[in-house]
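Derivation of every value follows stated rules applied to the coordinates shown; laboratory data play no part. Everything numeric in this text was worked out from a predicted model, so none of it was measured. Backbone-built Cβ (ideal geometry, glycine too); neighbour counts: all protein chains shown.
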Amino acid sequence: MTETINNIEVENWYNTLIDGNNLLSYRGEVTSDIITSLIEKLEIYFNTNMNLKELRKITIHVFVESIQNIFHHALKISDKNIKFGIFAMNYFENSINIITGNYILKDRIQILTDRINQINSLSKDELKALYKLILNNDEFLEKEGGGLGLIDVSRKTGTKLEYQFLNINKNIYFYILKIKII
Amino acid sequence: MDTIVIEGTPKTPSINFDAVAGKIEIKGRSIPENSIEFYRLLVEWLEAYATAPLANTIVNIQLEYFNTSSSKCILDIFKKLENISKAGSNIVINWYYEEDDEDMLEAGEDYQSIIKVPFKMIEIEE
């Protein structure tokens with residue numbers, strides 16, 4: 001990718017995520033080793049904050065799905081050719097908010113918007129049925145999951161997914177996903 | 001047939017596939033980025049086991065976490081077991097879940113509704 005990336009907006013946005021309620025944050029290349037070390041950090045955090053014990057399992061599960069979503073789908077940008085991702089987890093008023101961000105091509109916006117809106121419109125039972133349909137159908141699963149991750153996250157949290165796209169340049173957008181765990 | 005024994009890691013489960021004992025075990029975490037690669041060996045082992053299975057095969061699945069890319073691979077494992085069951089071998093899948101882990105129980109029930117092999121849901125204390 002040789003196009004110029006204007007990261008000012010992304011940097012400004014990232015800086016607003018980190019406040020007193022932050023329990024884990026990361027910005028940079030998302031690799032398998034980085035994911036392993038972030039999981040380890042998260043486990044240490046939950047093992048030392050026993051008041052959050054009830055949220056431990058679901059949070060680690062959602063963390064793995066959301067950061068692996070970046071690993072599998074992030075657009076590689078700039079001359080460094082890396083899968084750049086942003087991740088933040090904040091604890092506020094008995095709930096945990098997970099925010100992820102990664103670059104995508106413009107043509108992914110409609111697909112993602114339709115998919116998330118569909119997931120948000122479904123009931124618990126409908127999500128379960130859709131999950132099983134996609135799980136058991138090879139055509140949907142060609143590229144590491146085929147959208148199963150978002151359905152799974154939505155099933156487990158029971159909350160609606162929030163999303164936003166920041167315009168970076170003519171062809172590239174920054175995709176932000178917010179997941180709430182209560 | 002060789003027995004497959006693989007130690008668990010922070011991202012992959014421990015494996016014990018024993019054709020002599022008729023025992024198949026997957027325990028721990030299954031959250032690797034490259035699930036297909038990890039499970040390929042196990043699927044191949046089951047294809048070989050299917051050619052001469054024991055009369056009884058016990059399957060123990062005890063997972064703390066699994067990601068959605070593993071979920072498809074686990075289904076592939078179960079489909080191989082379903083074929084072995086159809087060919088006349090008696091198979092039971094013991095699906096273990098931790099006390100209060102309703103998500104893991106529900107995940108087992110999802111598989112149970114897809115796969116025509118008896119499942120036994122077993123709750124374990126944390």
Checklist entry - Taking a ≥ b ≥ c as the square roots of the eigenvalues of the Cα gyration tensor of the protein assembly as shown, is the shape rounded (a/c under 1.5), prolate (a/b larger than b/c) or oblate? => result prolate
Checklist entry - Label point 7 Å out from B:Asp2 along Cα-to-Cβ: which residues of the range B:27-60 have amide N under 16 Å? => result B:38-49
Checklist entry - Along the principal axes of its C-alpha atoms, what lengths does chain B span, in descending order and rounded to whole Å? => result 37, 27, 23
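Calculate the dipole size of the range B:4-124 relative to its Cα centre from +1 charges on Lys and Arg beta carbons and -1 charges on Asp and Glu beta carbons; express the result in debye to the nearest 20. If you can, show how the numbers build up before the last one.
Values: 11 positive and 20 negative charges, 143 e Å.
Magnitude of the dipole: close to 680 debye.
Dividing the alpha-carbon Rg of chain A by 2.2 N^0.38 Å yields what?
In units of the 2.2 N^0.38 Å rule of thumb, it is 1.03.
In peptide B:82-90, what is the residue-averaged number of other protein chain Cβ atoms found within 10 Å of each Cβ? Display every interim value, and only then the final one.
Details: counts 0, 0, 0, 0, 0, 0, 0, 0, 0.
Mean shielding count: 0.
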Item to check | Inter-chain shielding of A:27-39 (mean C-beta neighbours from other protein chains, 10 Å cut-off) | outcome: 2
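Over the whole of B:65-78, what's the average partner chain Cβ count within 10 Å per residue? Rounded to a whole number, please. Could you put the intermediate results ahead of the total?
On the way: counts 5, 2, 10, 18, 9, 1, 8, 11, 0, 1, 4, 1, 0, 0.
Neighbouring Cβ atoms belonging to other protein chains average 5 per residue here.
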Checklist entry - Counting Lys and Arg as +1 and Asp and Glu as -1, each charge on the Cβ, what is the dipole of the protein assembly as shown about the Cα centre in debye, to the nearest 20? => result 620 debye
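In percent, how large is the relative contact order of the range B:4-124, given Cα pairs closer than 8 Å and 6 or more residues apart? Numbers along the way, then the final one.
Working: 207 pairs, mean separation 26.7, N = 121.
Relative contact order for the range B:4-124 comes out at 22 percent.
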Checklist entry - In the range B:1-96, with Lys and Arg counted as +1 and Asp and Glu as -1 at Cβ, which of these residues, B:Pro10, B:Asn34, B:Ile84, has the Cα nearest the positive end of the dipole, that is, farthest along it? => result B:Ile84
Checklist entry - Mean residue ellipticity at 222 nm from the helices of chain A, using -39,500 (n - 2.57) per DSSP H segment of n ≥ 4 over the full residue count, to the nearest 500 deg cm²/dmol? => result -15000 deg cm²/dmol
